[in-house]
Amino acid sequence: MDNNQDKQGRALELPKPEHLMRLALSDSGFVFDPVTGNSFSVNGSGLAILRRLQQGTDLPGIVASLSEEFEVDILAAERDVIEFANLLRNTFR
């Protein structure tokens, strides 16, 4: 299984690294893209996902750490990461 596939083997298309790395993140969840001037807010789990994506963590690593940090089941954490990644991808289109 590829490191960016879900449990069913479906590929997860993550936002491009160059998009993720340029984002400025605040501890309060404010996200600013200096290239486009766009900004948005995320909750604690969204902020955790963004920080791990910026660090280059793969899907299994993100899911495992979120499951532990937020005390949620692995499948719920995976679903949340996939949904958030889809939202991010749409943000950068």
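The values are calculated or read from the model by the stated rules, or taken from the named source; none is laboratory data. Predicted, not measured: the structure shown is a model, and the values here were computed from it. Cβ coordinates were reconstructed from backbone atoms using ideal geometry, including for glycine residues, and neighbour counts include every protein chain displayed.
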### Task
Please state which one of 78, 18 is outside any loop (DSSP other than H, G, I, E, B) and loosely packed, with under 12 Cβ neighbours inside 10 Å.
18
#### Entry: Members of the range 66-93 that are within 17 Å of residue 15 (Cβ to Cβ) and of a type in the set (Lys, Arg)
89, 93
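In the set 86, 90, which member is part of a helix (DSSP H, G or I) and loosely packed, with under 13 Cβ neighbours inside 10 Å?
After ruling out the rest, the residue left standing is 90.
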### Query
Residues of the range 23-56 being surrounded by 13 or more Cβ atoms within 10 Å (Cβ to Cβ), within 17 Å of residue 83 (Cβ to Cβ) and of a type in the set (S, T, N, Q), which ones?
45
### Message
Condition check: among the aliphatic types (A, V, I, L, M) and at pLDDT below 95. Does residue 72 satisfy that?
### Response
no
